[in-house]
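Take a look at the structure set out below.
The values are calculated or read from the model by the stated rules, or taken from the named source; none is laboratory data. Since the structure is predicted, the reported quantities are computational estimates derived from the model, not experimental observations. Cβ atoms come from the backbone with ideal geometry, glycine included; neighbour counts cover every protein chain shown. Surface areas here come from the heavy atoms of the whole protein model, side chains and all, with no ligands, DNA or RNA. Shrake-Rupley method; radii C 1.70, N 1.55, O 1.52, S 1.80 Å.
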Amino acid sequence: MPEKVLETPYPVIDTDPHFSRVMRYMRTEDYTAWAVVTGGFPAAWRLWEALDPSSRITPTQFRAGMRVGGLIGFCGGFLLAYQNSSMRFWGWRENKREEEMDLKELTQRAKEGKPLYGESSHQPWVQNAAHQNSAFAQLKFAAIPMLNFVNHPYHGTDPAKYGVGVKKEEE
């Protein structure tokens, strides 16, 4: 099935970025959002308890609730930061910095003769299935948080912009 071509306000870098690339390309604003959400959950719990005290909660239970709130905030903040970073790969948000980093990184890989998106030990059908499951999965984090951990060749961009195939045409 052919990949759908999207009209986006910014250039598309990668329609299914690998987990490591999303993490490497995160900006300070992504980490800030992650931290705010992580701290926001326990803060909201404390505020709620201050405004409407529960006589049945012991200090031990309150501390346990703060820890659980911190864990939920950490996970939710991570998913928010990951989604924001992914949106720049998709061209949905301003992505000049990521575009420059991508061009530099993948052009270097092409010059070295390495596969652009890494080597995979998986069979092609497994790579295809992984791509179909993880493409735009960041929009479905509320249902099933699924991240792309599989290297595959399906990224919705033309590899020629990195210099792949140029040597073959010149010869």
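Do you know the relative contact order of region 1-119, to the nearest whole percent, from alpha carbon pairs under 8 angstrom that are 6+ apart?
Computed value for region 1-119: 42 percent relative contact order.
With the full set of protein chains in place, find how many percent of the accessible area of the chain is carbon and sulfur; take the probe as 1.4 Å.
So the carbon and sulfur contribution to the accessible surface is 62 percent.
What is the calculated FRET efficiency for Ser120 to Arg56, with r their C-beta to C-beta distance and R₀ = 45 Å, to the nearest 0.05?
Calculated transfer efficiency: 0.25.
How many lysine pairs does the chain hold where the Cα atoms are under 30 Å apart and the two sit 8 or more places apart or on different chains?
Lysine pairs, 8 or more places apart or on different chains, close enough: 25.
For region 49-106 and region 128-147, what is the separation of their Cα centres, given in Å?
For region 49-106 versus region 128-147, the Cα centre distance is 18 Å.
Using the heavy atoms of the protein chains and a 1.4 angstrom probe, tell me the accessible area per residue for the chain in square angstrom.
64
Expressed in nm to one decimal, what extension gain is obtained for the pair Trp48 and Ala129 from 0.36 nm per residue of sequence separation less their Cα-Cα distance?
Computed gain between Trp48 and Ala129 is 24.7 nm.
Specify which labelled value, from (i) 144; (ii) 278; (iii) 163, agrees with volume of the Cα convex hull per residue in Å³ derived from the coordinates of the model shown.
(iii)
Taking the Cα centre as origin and putting +1 on Lys and Arg beta-carbons and -1 on Asp and Glu beta-carbons, what dipole magnitude results for the chain, to the nearest 20 debye?
620
Mean Kyte-Doolittle of at least 0.0 plus a Cα span of 18 Å or more along the axis: flag which DSSP H helices in the chain meet both, please.
Helices passing the filter in the chain: 28-51, 59-90.
I need the shape label for region 95-144. Rule: rounded when a/c is under 1.5, else prolate if a/b > b/c, else oblate, with a, b, c from the alpha carbon gyration tensor.
Oblate, since a/c reaches 1.5 and b/c is not below a/b.
For region 39-89, rounded, prolate or oblate, judged on the Cα gyration tensor with a ≥ b ≥ c (square roots of eigenvalues), a/c < 1.5 rounded, else prolate if a/b > b/c?
prolate
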